[in-house]
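The structure appears below as structure tokens.
Every number here is computed from the coordinates shown, using simple stated rules; none is lab data. Just so it is clear, the model here is predicted, and its values are computed rather than measured. Ideal geometry is used to build each Cβ from the backbone, glycine not excepted, and the neighbour counts take in all protein chains shown.
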Amino acid sequence: MGGFFAVASKEDCVFDLFFGTDYHSHLGTRRGGMAVYGKDGFNRSIHNIENSPFRTKFEKDLNEMSGNCGIGCISDYEPQPLLVRSHHGTYAVTTVGKISNTDEIVEQIFSHGNTHFLEMSGGDINSTELVAAIINQKENIIEGIQYAQELIKGSMTILLLTPKGIYIARDKMGRTPVAIGKKDEAFCAAFESFSYLNLGYKNHRELGPGEIVVMTPESIVTVAAPGKEMKMCTFLWVYYGYPSSSYEGISVERMRNNCGKLMAKRDNVKPDVVAGVPDSGTAHAVGYSNESGIPFSRPFIKYTPTWPRSFMPTMQTKRNLIAKMKLIPVHDLIQDKSMVLIDDSIVRGTQLGETTEFLYQNGASEVHIRPACPPIMYSCKYLNFSRSSSEMDLITRRVIAKLEGDRAGDEEVLARYADPDSAEYAAMVEEIRKELGFTSLQFNRLDDMIDAVEIDPCKLCTYCWNGKE
């Protein structure tokens with residue numbers, strides 16, 4: 001994933017830009033960047049934040065950069081913002097999203113005269129550079145952004161800083177959010193709406209799917225109207241979003257409480273305690289506890305001061321190691337306890353299996369696992385929340401392959417395994433339970449999870465659970 005923050009102010013914007021961008025640090029730990037425009041022109045800074053937080057790396061820049069307009073980003077992958085000189089003039093650009101048809105677009109741009117792209121260390125082309133190349137195919141920036149939104153398969157939100165203002169374009173289907181904040185003599189734009197509240201901004205509005213605006217210190221002007229169709233990523237509420245965030249008027253914490261409540265209504269186990277895998281499972285567990293009357297407990301504590309989020313390192317072995325090292329047991333809250341343990345999801349299964357074994361080793365008598373979303377059946381092709389090299393990385397697909405053999409990839413077969421009322425689904429869940437060593441396993445249902453969001457279901461993307469676009 002990744003996060004962004006932008007400011008257009010009549011005063012110097014760097015303080016707000018620095019802290020607003022820093023508030024997105026939960027969305028990535030690879031690269032951070034800021035670009036500003038002021039009386040001395042453009043100024044940009046990018047740092048590697050893998051081993052040190054954004055705030056630490058950019059403190060010096062806070063004192064050295066100045067300008068009235070700026071954009072900042074937290075990125076899992078490519079260095080950005082980029083400074084680009086083209087027939088549009090010089091601009092800075094940053095993006096959040098995923099391009100699934102990179103090779104096709106690159107060949108098309110080569111055929112129109114573009115001579116080269118710079119490769120990153122892994123051999124990939126910087127997605128933000130590719131977006132800039134697409135924009136530069138057209139006569140003006142607005143047409144260029146619209147062309148990018150049409151050409152890109154996947155999802156792409158774009159922030160483009162010019163001397164005259166900041167172009168902000170939400171991705172075509174609204175899979176990720178863009179929230180606008182306002183205060184005296186300034187506007188801001190953010191992925192996470194909570195990021196500007198402590199900076200004195202009030203909620204102004206959210207951009208619609210595919211909407212393009214120009215933000216200046218004086219105004220937000222729509223230059224391309226929003227589309228009517230939206231497919232927002234449901235996983236933002238389930239996992240990615242910060243608890244104090246709100247999307248489409250529904251807060252992350254509220255949705256997760258709703259999830260836990262609905263899960264409890266369908267459950268029949270009677271454990272001693274309910275616990276959540278910190279941090280994203282905690283609110284789900286609180287909702288479950290409140291509905292069931294079973295006490296909420298914190299049998300282990302997440303040690304976060306010096307560890308990044310566990311899914312961020314490139315190597316799976318490092319992710320697993322960090323996830324394990326972060327969890328510190330509270331032995332007296334585990335010993336001889338039967339517990340329901342709620343996590344946001346099961347993807348590969350490795351970490352939750354190790355967490356369960358960790359609880360048994362510390363004296364738990366039973367560990368009933370309750371993921372807050374349905375079994376993940378498909379790798380996300382719209383956002384970078386799971387960059388699996390193969391769908392066989394998913395524990396569901398490995399189990400289905402074990403049960404079905406050569407037929408495991410057939411869409412009809414997968415549809416049966418995604419149906420929570422089918423015999424195939426029950427067999428898959430039982431196989432996962434045995435493989436990971438859980439006392440029992442019961443996934444949240446898709447219909448309940450959608451109800452927990454409390455917005456029109458047709459506005460939500462559920463592709464990773466049911467394969468429906």
Dipole check, segment 2-229, charges on Cβ (K,R +1; D,E -1), about Cα centroid: among Pro53, Ser86, Asn126 the Cα furthest to the positive pole belongs to Pro53
P(r) of segment 236-466 over all Cα-Cα pairs, 5 Å bins starting at 0, rounded to whole percent, reads 1, 7, 14, 19, 21, 18, 13, 6, 2, 0
Dipole check, the chain, charges on Cβ (K,R +1; D,E -1), about Cα centroid: among Thr462, Cys373, Met325 the Cα furthest to the positive pole belongs to Met325
Taking the square root of 5λ for each eigenvalue of the C-alpha gyration tensor of segment 4-55, the equivalent ellipsoid has semi-axes, largest first and in whole angstrom, of 22, 12, 7
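On a full-extension model of 0.36 nm per residue, what is the gain between Lys302 and Asp447, subtracting their alpha-carbon distance, rounded to one decimal in nm?
Gain in length upon complete extension: 49.1 nm.
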About its Cα centre, the chain carries a charge dipole, from +1 on Lys and Arg Cβ atoms and -1 on Asp and Glu Cβ atoms, whose size in debye to the nearest 20 is 640 debye
Here the residues of segment 345-384 lying in the modelled label zone of Ala427, meaning backbone nitrogen under 12 Å from a point 7 Å along Cα-to-Cβ, are none
Label model pair Lys60, His87: point-to-point distance (7 angstrom along the Cα→beta-carbon line) in nm is 4.0 nm
Taking a crude spin-label model, label points 7 Å out from Cα along the C-beta direction, the Glu107 to Val223 distance in nm is 3.2 nm
In whole µm²/s, the translational diffusion coefficient that Stokes-Einstein assigns to segment 223-264, given a Kirkwood hydrodynamic radius over C-alpha pairs, 37 °C and 0.692 mPa s, equals 283 µm²/s
Of all C-alpha pairs within segment 52-148, those more than 22 angstrom apart amount in percent to 36 percent
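If you rank Trp465, Trp237 by fewest surrounding Cβ atoms within 10 Å, what's the result?
Placing the least packed residue first, the sequence is Trp465, Trp237.
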Only helices counted: for the chain, with every DSSP H run of 4 or more residues adding -39500 (n - 2.57) and the sum spread over all residues, [θ] at 222 nm is -9000 deg cm²/dmol
Proxy exposure order for Leu17, Leu414 (fewest C-beta within 10 Å first) is Leu414, Leu17
Any lysines whose Cα falls less than 17 Å from that of Lys261, other than same-chain ones fewer than 8 residues away, would be Lys270
On each of the three principal axes the extent of the alpha-carbon atoms of segment 338-436, given in whole Å and largest first, is 42, 32, 20
From the cross-link list Lys60/Lys138; Lys381/Lys459; Lys57/Lys153; Lys39/Lys153, the entries with a Cα-Cα span beyond 29 Å are Lys60/Lys138; Lys57/Lys153; Lys39/Lys153
Placing +1 on each Lys and Arg Cβ and -1 on each Asp and Glu Cβ in the chain, then taking the dipole about the Cα centre, the residue among Ser193, Gly174, Leu62 whose Cα reaches farthest towards the positive end is Leu62
Under the 7 Å Cα-to-Cβ spin-label approximation, Lys39 and Lys468 lie apart by a distance in nanometres of 5.9 nm
As a Kirkwood estimate from alpha-carbon pairs, segment 1-120 has a hydrodynamic radius in angstrom of 15.2 Å
log10 I(q)/I(0) for the chain, Debye formula on C-alpha points only (no solvent), q = 0.07, 0.10 Å⁻¹, two decimals, reads -0.37, -0.76
Packing-ranked peptide list from 398-404, 90-96, 241-247, highest mean Cβ count within 10 angstrom first, is 90-96, 241-247, 398-404
For Asp448, Asp12, Asp332, ascending order of other Cβ atoms within 10 Å (fewest first) is Asp332, Asp12, Asp448
To the nearest 20 debye, segment 2-229 has a Cα-centred charge dipole, built from +1 on Lys and Arg Cβ and -1 on Asp and Glu Cβ, of 360 debye
Quick calc, Leu197 & Glu357: beta-carbon distance into FRET formula, R0 45 Å, rounding 0.05, result 0.65
Rounded to the nearest 0.05, FRET efficiency between Asp410 and Phe117 (Cβ-Cβ, R0 45 Å) equals 0.75
